[in-house]
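**Student:** First, the structure itself, so that you have it in front of you.
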Amino acid sequence: MKVVIGSDKSGFPLKEAIKKHLEEKNIPFEDLGTLDIDHPSPFFEVAPKIADAIAEGKADKGILCCGTGMGMAVVANKNKGITAAVCESVYTAKMCRAVNDANVLCMGGWLTADWLGLQMTDAFLNTEFTQDLEDWRQEWLRNAKLKVQEFEDKKF
């Protein structure tokens, strides 16, 4: 699994903590910006880089951090094949994968303590689509995903 990460100025400290965490766990990642807190990139420039890397198959999952996570999610979700979810708990980080098969985790640097962001990152990266769900729900979600894909194909 390869992960791409990014932030604006508000999410930079959280992103840096996540980078260190990924390094310690030997999880391959690439930081696509902001690379220097003194020269920050805005959310609307960073989110498309993450989305493009995933859409082009250069990465499997992404993590984006801004003030609330919402700006990054809005921009990332404008791209075909991207399902970005704003999460504020370990449970939502797990369930966005299990239920929605999200491929981008968005977190708010103003809201999420580093220790919580690391736990959310682990939950997001270690959960597969339909994991730990009842058989009937797994089948229903797989069918729902196909319907959403059809909708997306019509729009893009």
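Every number here is computed from the coordinates shown, using simple stated rules; none is lab data. Only a predicted model underlies this, so the values are computations on that prediction, with no experimental measurement involved. Cβ: placed from backbone, ideal geometry, glycine included. Neighbour counts: every protein chain shown.
**Student:** So which residue, out of L125, L141, L133, gets the largest mean-square fluctuation from a GNM of the chain using Cα contacts under 10 Å as springs?
**Tutor:** Looking only at L125, L141, L133, the largest GNM fluctuation is found for L133.
**Student:** Now for a separate question. Whole-Hz Karplus ³J(HN,Hα) for the stretch 33-50, in order, using 6.51 cos²θ - 1.76 cosθ + 1.60 and θ = phi - 60°, x for Gly and Pro?
**Tutor:** Going residue by residue, I get x, 4, 9, 9, 4, 7, 9, x, 9, x, 4, 6, 9, 7, 4, x, 5, 5 Hz, with x marking Gly and Pro.
**Student:** Using only helices, what value at 222 nm comes out for the chain when you add -39,500 (n - 2.57) per DSSP H run of length 4 or more and divide by the total residues, to the nearest 500 deg cm²/dmol?
**Tutor:** -15000 deg cm²/dmol
**Student:** Between W136 and N77, what's the calculated FRET efficiency when r is the beta-carbon distance and R0 is 30 Å? Round to 0.05.
**Tutor:** Values: r = 28 Å, r/R0 = 0.94.
The calculated FRET efficiency here is 0.60.
**Student:** As an exercise, identify the GluC sites (Glu not before Pro) in the stretch 1-72 lying in DSSP coil whose Cβ has no more than 16 other Cβ atoms within 10 Å.
**Tutor:** E56
**Student:** May I ask you to evaluate 6.51 cos²θ - 1.76 cosθ + 1.60, the Karplus curve with θ = phi - 60°, for each residue of the stretch 6-22 and list the ³J(HN,Hα) values in order in whole Hz, giving x for glycine and proline?
**Tutor:** Karplus values, whole Hz, x for Gly and Pro: x, 7, 9, 5, 5, x, 4, x, 5, 4, 5, 5, 5, 4, 4, 4, 5.
**Student:** Just to be sure I understand, if you calculate Rg and Dmax of the Cα atoms in Å for this structure, which of [x] 22.7, 85; [y] 27.5, 76; [z] 14.9, 51 do you get?
**Tutor:** Read-out from the structure maps to [z].
**Student:** If R0 is 30 Å, what FRET efficiency do you get for E23 and E128 from their C-beta distance, rounded to 0.05?
**Tutor:** So, using R0 = 30 Å, E works out to roughly 0.80.
**Student:** In nm², what is the average projected area of the convex hull enclosing the Cα atoms of the stretch 53-138?
**Tutor:** For the stretch 53-138, averaging the hull's shadow over all directions gives 5.5 nm².
**Student:** Another question, if that's okay. Which is farthest toward the positive dipole end of the stretch 3-131 among A113, L22, A47, measuring Cα position about the Cα centre, with Cβ charges +1 (Lys, Arg) and -1 (Asp, Glu)?
**Tutor:** A47
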